[in-house]
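Novice: Just dropping this structure here.
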Ligand SMILES: [Cu+2]
């Protein structure tokens, strides 16, 4: 284990000894510095010319909804970060807590941010019960910094702290995750986003968001995700939160918005659909897409192991849904067993079954829209299959769902509440006069 104080001192000495020059120099990525031995902790920490974040004014930090940014200090021109892989207590949505694995107390791990050309040194401490590594997904790196356990480095065993160092050569939305026991470790929540901002941005976004897509199997009533699951994922998350646990994306009308989306789910790609806008896919984890090659979209397919940046000008105020378009991915803890009840004539069925099963209730025979709303008791530590109360009615989606809230007069980026629709712009029940005038015959 490395204490905070030891870490500061280690960072100070390593930074001083290595004499790393500006990271953007061409040879920086060619020569990796030999790993320094951890220095004795008696050395004075003030040798460090360290500065606390935020020191870098060259970019506007991204917002990670429900998440955090990883702090760093600059030592001898190198940005020094520290990730600690460890078991974490995590709330997936109100009512559903679990024992996950994460970095620095959270899943996904804090978002790392740097600028194209930056030299970064990242310490990784393993507080898991098994070995791990960190792979810098999408980065162009010296082979020995890749983080594939066994292939590129030896494992980081429990209690050890490893040191990665490389230059962020290319801008992009990247990810980090273990490359040891991948199924278990990523399935338990070890994943994070790593953003490298453009040194000379083609276009500076007014608001930037970072969202990691994941999927979990949490048996009803259990606290521990089951990483052995291959098909039946029942908690689908954005930044490890299922709606209604997801924080809205709050934007002022007219702002240029960039949303960086990564997917480290075990088995599923996610078509992320944004309402209200035509956006453009402006970058992948392979880097920026030339403007001439971008095309308009309303749904971005983010496959496992991919990232996509989408951009648009938020010129339409409102509450706009953003969600995975797989309908099963906007459900919470849904069971897939049992008969299909749609169309079943259930009249009197409950009365006949109740002598055998007290409290029995036929469900789903008229569709499942009311599954969340009817407020049925759910087992301890589990969440209703669907959604939450909205402004106009119940929102019948859970899981991988959030809301983009665009407002004219924002004074802060706190949740502004529900959108106040201008009079006459909300769909409503048709009147008899209207139906008659338009020649529509509807049952009354
Ligand atoms: Cu999905």
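Just so you know, all these numbers are worked out from the coordinates, no wet-lab data involved. Note that this is a predicted model, so its numbers are computed, not measured. Backbone-built Cβ (ideal geometry, glycine too); neighbour counts: all protein chains shown.
Novice: If you rank 83, 301, 190, 70 by fewest surrounding Cβ atoms within 10 Å, what's the result?
Specialist: Least crowded to most crowded, the residues run 301, 70, 83, 190.
Novice: For region 105-251, rounded, prolate or oblate, judged on the Cα gyration tensor with a ≥ b ≥ c (square roots of eigenvalues), a/c < 1.5 rounded, else prolate if a/b > b/c?
Specialist: In terms of gyration-tensor shape, oblate.
Novice: What does the C-alpha gyration tensor say about the overall shape of region 12-324? Classify as rounded when a/c is under 1.5, otherwise prolate if a/b is larger than b/c, or oblate.
Specialist: oblate
Novice: Now for a separate question. What ranking do 426-439, 160-173 get when scored by the average of other Cβ atoms within 10 Å per residue, highest first? Mind showing how you got there, number by number?
Specialist: On the way: 426-439: 8.7, 160-173: 21.4.
My ranking of the peptides, most packed first, is 160-173, 426-439.
Novice: Name the shape class, rounded, prolate or oblate, that the alpha-carbon gyration tensor gives for region 104-158, where a ≥ b ≥ c are the square roots of its eigenvalues, rounded holds for a/c under 1.5, and otherwise prolate holds if a/b is larger than b/c and oblate otherwise. Let's see the in-between values first.
Specialist: Details: a/c = 2.29, a/b = 1.19, b/c = 1.92.
It is oblate, given that a/c is not under 1.5 and a/b is not larger than b/c.
Novice: Determine, for 208, 91, the number of other Cβ atoms within 10 Å of each Cβ, and report the residues in order from fewest to most.
Specialist: 91, 208
Novice: Which value in nm describes the separation of the simple spin-label points at residue 220 and residue 184, placed 7 Å from the Cα toward the beta carbon?
Specialist: My value for the distance between the label points is 2.9 nm.
Novice: In nanometres, what is the gap between the two model label sites at residue 420 and residue 313, each 7 Å from Cα along Cα-to-Cβ?
Specialist: 2.6
Novice: For the residues 281, 220, 156, 195, what sequence is obtained by ranking on other C-beta atoms within 10 Å, fewest first?
Specialist: Working: 281 19, 220 14, 156 22, 195 26.
Ranking 281, 220, 156, 195 by Cβ neighbours within 10 Å, fewest first, gives 220, 281, 156, 195.
Novice: In addition: log₁₀ I(q)/I(0) of region 203-247 at q = 0.15, 0.19, 0.26 Å⁻¹, via Debye over equal Cα point scatterers, no solvent, to two decimals?
Specialist: With one equal scatterer per Cα and no solvent, log10 I(q)/I(0) is -0.48, -0.65, -0.98.
Novice: Run through every distinct alpha carbon pair of region 83-189 and return the Kirkwood hydrodynamic radius in angstroms, one decimal place.
Specialist: When all Cα pairs of region 83-189 are included, the Kirkwood radius is 14.4 Å.
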